[in-house]
Amino acid sequence: GLADRLQNTIQKIRGKGKVTEADVKEMMREVRLALLEADVNFKVVKDFVKRVSERAIGQEVMKSLTPGQQVIKVVQEELTALMGGEQSKIAVAKRPPTVIMMVGLQGAGKTTTTGKLANLLRKKHNRKPMLVAADIYRPAAIKQLETLGKQLNMPVFSLGDQVSPVEIAKQAIERAKEEHHDYVLIDTAGRLHIDEELMDELVQVKEIAKPDEIFLVVDAMTGQDAVNVASSFNDLLGLTGVVLTKLDGDTRGGAALSVKAVTNTPIKYVGLGEKLDAIEAFHPERMASRILGMGDVLTLIEKAQSSVDEEKAKELEQKFRSASFTFDDFLDQLGQVRKMGPLDEILGMLPGANKMKGLKNVQVDDKQISHVEAIIQSMTKDEKIHPETINASRKKRIAKGSGRTVQEVNRLLKQFEDMKKMMKQMTSMSKGKKKGMKFP
Ligand code: GDP
Ligand code: MG
């Protein structure tokens, strides 16, 4: 995938004490191919490579003490910029309710995302949303939203399928005012392709509902098609944001990188699964880090904070940042991680996880975690803090004590070491960035 290719490329340049123009050129060739292969828009790739090359060959990088890392920093910053720089916030109407209109093609995930977003608004922002069933064409669409409403214990406004979506929207907003709902989420109909009839109707709903946000829901798996769809909807409706769904699937990542550049509309949320909590606010910087394999520590910390007590999460963050955590912390973390959600998802966010051979492409199950725990528990106190002292005979002892093989012990030690290395790099990079922000 895109992440793998980019990571291989930057790995080559990372440790270099001297970076020549030829190095940069070669790197850019590979970056360009990786992006094209990921289905990023051709023009976007061209501009991106041009910008990165100019900066990378410039004085700031070549004359610096760590040119390899500086180049990576440039790539990361430009990737972030490509996806829209700062994260955008969701609108709040001066006079409630805030109206959000969900639009998109059939099957993109509008109805599901309407439920997810309402759930998020209530859980994270303490809001009181109402859902509106304005897809009167798809036979089971109203029922689907009502089922979601029941699951969430949230009101769904519906007038059946004989009343026009425009009228439904109008009455729904009146009702929301009466019942003091502060957000109204209108789930509209989609078609298989963009057609005039659909667009006319959406324009009419827009005129009546005067939405504060119009979110286009697009399927990330459709790559550049998603971007073309976004362009068309934006021309006709004026979008305020894009929700990119199905990022949990086997996507090539191209849509995430092209949407903003092509349509000038930011991605605001991403869908990461079918469940109602599988949605996240989109953070361009985090996404860029994730793509470059620097680990999504911030998202991890956010997850930790919602399932682990805050004190522990802060400690964890501190340790991540100072790269000073030991096998004891690791063990502690494994226990916490079980509470956070699917393990492979969590581990994928750890810095360097992509580089850990044992983890990549392996279904991480609880049994494996138990094995890891057993190995760590067989280490002495001192070994957990100074794993570099674990020699061959100690490895044998640990393997025996945990009922695992020496190879497994080796693998864990290697993974731990890789992880620490990545953390160190990450910390020095973020220090560099802070400086850069002070003196741009
Ligand atoms: P709509 O036609 O645009 O309203 O699409 P739906 O909300 O009915 O979703 C279509 C299908 O995509 C359903 O099976 C959803 O469960 C699924 N889906 C929606 N969002 C996601 C997501 O982020 N990840 C995955 N894996 N599936 C999703
Ligand atoms: Mg639907």
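Some points to look at:
- Between the amide H of ASP248 and those of GLY273, distances stay under 5 Å, these residues lying 5 or more places away or on another chain, with hydrogens modeled in the peptide plane.
- Rounded, prolate or oblate (a/c below 1.5 giving rounded, otherwise prolate when a/b exceeds b/c) for the stretch 55-139 by Cα gyration tensor: prolate
- Sequence-ordered 3J(HN,Hα) estimates for the stretch 222-234 from the Karplus curve with 6.51, -1.76 and 1.60 and θ = phi - 60° stand at 8, x, 5, 4, 4, 5, 5, 4, 4, 4, 5, 4, 5 Hz, glycine and proline given as x.
- Sequence-ordered 3J(HN,Hα) estimates for the stretch 261-278 from the Karplus curve with 6.51, -1.76 and 1.60 and θ = phi - 60° stand at 5, 7, 10, 6, 10, x, 6, 9, 9, 10, x, 10, x, 7, 6, 6, 9, 8 Hz, glycine and proline given as x.
- Amide proton proximity set for PHE282, modelled H, under 5 Å, gap of 5+: TYR269, VAL270
- Accessible surface for the stretch 1-128, divided over its residues, is 49 Å² per residue with a 1.4 Å probe.
- Dimensions (Å) - the stretch 101-217, Cα atoms, principal axes, largest first: 38, 26, 24
- Long-range HN-HN contacts of TYR183 with modeled amide H, under 5 Å: THR98, LYS128, MET130
- As a fraction of the 1.4 Å probe accessible area of the stretch 80-227, surface on carbon and sulfur atoms comes out at 48 percent.
- In the full protein context, the stretch 156-213 carries 51 Å² of accessible surface per residue, based on a 1.4 Å probe and ignoring ligands, DNA and RNA.
- Derived scalar couplings ³J(HN,Hα) [the stretch 90-101; Karplus, 6.51 cos²θ - 1.76 cosθ + 1.60; whole Hz; x for Gly, Pro]: 7, 5, 10, 5, 4, 10, x, x, 6, 9, 10, 9
- Restricting the trypsin sites (Lys or Arg not before Pro) of the stretch 66-114 to loop positions (DSSP other than H, G, I, E, B) with no more than 14 neighbouring Cβ atoms within 10 Å leaves LYS89, LYS94.
The values are calculated or read from the model by the stated rules, or taken from the named source; none is laboratory data. None of the values given here were measured: they were computed from a predicted structure. Using ideal geometry, Cβ is built from the backbone for each residue, glycine included, and neighbour counts are taken over all protein chains shown. In case anyone asks, the SASA skips ligands and DNA or RNA and just uses the protein heavy atoms, side chains included. Shrake-Rupley method; radii C 1.70, N 1.55, O 1.52, S 1.80 Å.
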